[in-house]
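Here is the structure we will look at, set down as structure tokens.
The values are calculated or read from the model by the stated rules, or taken from the named source; none is laboratory data. Every value quoted in this text rests on a predicted model; they were computed, and no experiment measured them. Counting neighbours? That spans all protein chains shown, and the Cβs are built from the backbone with ideal geometry, glycine included. SASA here: full protein model, heavy atoms, side chains in, ligands and nucleic acids out. Shrake-Rupley method; radii C 1.70, N 1.55, O 1.52, S 1.80 Å.
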Amino acid sequence: EVIDGVVHSALVLRDSTLATMSEEVLCDVLRPKLHGTHHLVDALRGRDIGFCLFFSSVQAYIASAGQGNYAAACVAKDAYADLLHQALLIDAKVINWGYWGGIGVVAKPEYRDRMADLGIGSIEPAEGLAVVERFLAGDHRRITCVKGTEEALERMGITPHTPVAAARPAPVAAAPPAGSSEVLDAVVPAFTGDDAAVARNRDLSERLEAYTRWRLHQVPLPTAVI
């Protein structure tokens with residue numbers, strides 16, 4: 001059985017103010033992200049997987065009124081992702097999504113109208129999948145993806161991206177001073193992947209990582225989540 005990667009996207013959304021929220025509503029929202037992620041972490045122990053991608057929400061940062069339960073669930077899920085990355089050496093990544101209006105639990109006209117009034121646009125499936133593809137191929141561990149007007153993003157404390165300037169031909173570099181190449185080669189030898197020292201260091205690194213994974217997998221996780 002081979003698992004190349006795992007995506008956790010489970011959620012329950014039951015908006016309520018803290019003053020009127022029942023314990024049942026709180027637990028219903030926490031369960032898929034907090035308890036679900038805990039069990040996922042336990043299931044991944046000892047497995048060498050390529051990545052574990054968590055779908056979280058921008059609510060982890062802004063905590064809109066009436067969504068305190070969902071914000072808490074997202075914060076807990078993000079923290080578990082850090083645990084996976086730091087303790088179990090699994091490539092855990094988090095996307096804190098903005099509003100998806102085409103599919104999902106809030107793909108309803110009333111939500112779309114409310115978001116439009118706030119200057120928030122809907123992330124469509126093709127756009128979201130493009131983000132996922134680029135994110136998994138990159139080095140970042142966490143990103144926030146929100147579509148909105150500059151005013152809406154600023155209200156959420158997000159600095160809007162500036163437009164990317166049109167590509168221009170790269171300037172032609174000036175010729176290096178005579179003899180500089182020889183000096184550089186003497187100080188920093190050219191890298192060769194088949195060099196004996198490189199192969200030895202790579203082998204030691206792989207052995208050390210394997211040993212570290214084995215040792216970390218011996219550490220028991222808590223049996224209860226508080």
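Figures for the structure shown
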{"item": "Count of residues meeting criterion [in a loop (DSSP other than H, G, I, E, B), surrounded by 15 or more Cβ atoms within 10 Å (Cβ to Cβ) and modelled with pLDDT of 90 or more] in segment 15-37", "result": "1"}
{"item": "Residue pairs meeting the criteria (Cβ under 6 Å; at least 6 apart or on separate chains; first acidic (Asp, Glu), in segment 1-17; second outside any strand (DSSP E or B) and at pLDDT below 95)", "result": "Asp4/Gly50; Asp15/Gly66; Asp15/Gln67"}
{"item": "Boolean, Asp185 is at pLDDT below 80, surrounded by 10 or more Cβ atoms within 10 Å (Cβ to Cβ) and of a type in the set (Asp, Glu)", "result": "yes"}
{"item": "Some residue of segment 70-79 being at pLDDT 90 or above and over 30 Å from Gln218 (Cα atoms)", "result": "yes"}
{"item": "Members of segment 139-180 that are at pLDDT 85 or above, in a loop (DSSP other than H, G, I, E, B) and open to solvent by less than 90 Å² (accessible area, probe 1.4 Å)", "result": "Arg141, Val146, Lys147, Thr149"}
{"item": "Filter pass, His85 being surrounded by fewer than 20 Cβ atoms within 10 Å (Cβ to Cβ), within 13 Å of the chain's Cα centre (by Cα) and either without any contact (Cβ under 8 Å) to a residue 40 or more places away in the chain or in a helix (DSSP H, G or I) (or both)", "result": "yes"}
{"item": "Ile90 being of a type outside the set (S, T, N, Q), touching a Cys at 6+ places or on another chain (Cβ under 8 Å) and open to solvent by less than 50 Å² (accessible area, probe 1.4 Å)", "result": "yes"}
{"item": "Matching residues, segment 108-126, being touching a residue at least 12 places away in the same chain (Cβ under 8 Å) and assigned to a helix (DSSP H, G or I)", "result": "Tyr111, Met115, Pro125"}
{"item": "Matching option when the condition is open to solvent by less than 40 Å² (accessible area, probe 1.4 Å) and more than 27 Å from Tyr211 (Cβ to Cβ), among Ala10, Ala71, Ala63", "result": "Ala71"}
{"item": "Filter result (under 14 Å from Leu11 (Cα atoms) and in contact with a Gly (Cβ under 8 Å, 6 or more places away or on another chain)) within segment 26-56", "result": "none"}
{"item": "Selected residue (only one of Leu129, Leu40, Leu53, Leu136 is over 28 Å from Ala19 (Cβ atoms), part of a strand (DSSP E or B) and at pLDDT 85 or above)", "result": "Leu53"}
